[in-house]
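> Sending over a structure as structure tokens; questions will come in a sec.
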């Protein structure tokens, strides 16, 4: 398990300082997989799903209504 401070340092070096994964791993004495995992933590990536849900809100009622009328309709036809 990586300390939250280390994750913050890794993310800062990668996103703000534009260091490569290999450079960060070398400087902090970590394996590059560990650095990559710190960059992809779910705690920081949840906003993508939120945005996708917001885009779908406009279509949910249409999809539900269409499926009530045509329950055997395939997803590609909606």
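> Could you list all residues from region 45-63 that are at pLDDT 90 or above and either within 30 Å of residue 7 (Cα to Cα) or surrounded by fewer than 10 Cβ atoms within 10 Å (Cβ to Cβ) (or both)?
61
> I would also like to ask the following. For region 1-26, give me the residue count where each residue is surrounded by 13 or more Cβ atoms within 10 Å (Cβ to Cβ) and not in a loop (DSSP other than H, G, I, E, B). Reasoning before the result, please.
Filtering region 1-26 down to residues surrounded by 13 or more Cβ atoms within 10 Å (Cβ to Cβ) leaves 2, 6-7, 9-11, 13-14, 19, 21, 23-26.
When the remaining residues are screened for being not in a loop (DSSP other than H, G, I, E, B), the result is 6-7, 9-11, 13-14, 21, 23-26.
The total comes to 12.
The values are calculated or read from the model by the stated rules, or taken from the named source; none is laboratory data. Since the structure is predicted, the reported quantities are computational estimates derived from the model, not experimental observations. Note that each Cβ is placed from the backbone with ideal geometry, even for glycine, and that neighbours are counted across all protein chains shown.
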